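Enquirer: Before anything else, here's the structure in question.
Taken together, the values in this text are just the output of simple stated rules run on the coordinates, not laboratory data. Remember, predicted model here, so these are calculated numbers, not experimental data. Cβ coordinates were reconstructed from backbone atoms using ideal geometry, including for glycine residues, and neighbour counts include every protein chain displayed.
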Amino acid sequence: MGGGEPDRVELSERYHTRDPVLAQAGQLLALSDWQSPGQSMAMDHLTQWLLLQVVSRHSNVQQATPSVTGQLSTRYRRLLQERIRTHLDQTLTLSEMASWVNLSPYHFTRLFRATFGCAPYQYV
């Protein structure tokens, strides 16, 4: 959540408020087949994004999503390609893939998209 302290984030109390972005994300979650292969990583990605939206739209944190200014190194790109290829028969998670390159799932997802042009679950 940016450079702030997570324990200092306070969500605003809101009742009967409409947020079309969060509503659409909720619909995607409700319509998803949680048991289908590869869906686990898509759900990880969606929940990471949803958490960012809730905090940035409905909390005391007034911070825009930082832009991605770089990509994964060539070494990490090759490492990811190889490990993904060798683990295709297993359920991969964002946390696991991020640990391969020593990043948080949030930063990993952003750099992965900048490097490969798609979200990790789409690549897999």
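Enquirer: Arg8 versus Gln53, label points 7 Å from Cα toward the beta carbon: distance in nm?
Expert: Once both label points are built, they end up 2.7 nm from each other.
Enquirer: Enter the Cα centre distance for the pair the stretch 12-36 and the stretch 106-124, rounded to the nearest angstrom.
Expert: Rounded to whole Å, the Cα centres lie 22 Å apart.
Enquirer: Let me ask something else about it. Please report the orientation-averaged projected area of the stretch 74-122, defined via the convex hull of its C-alpha atoms, in nm².
Expert: 3.1
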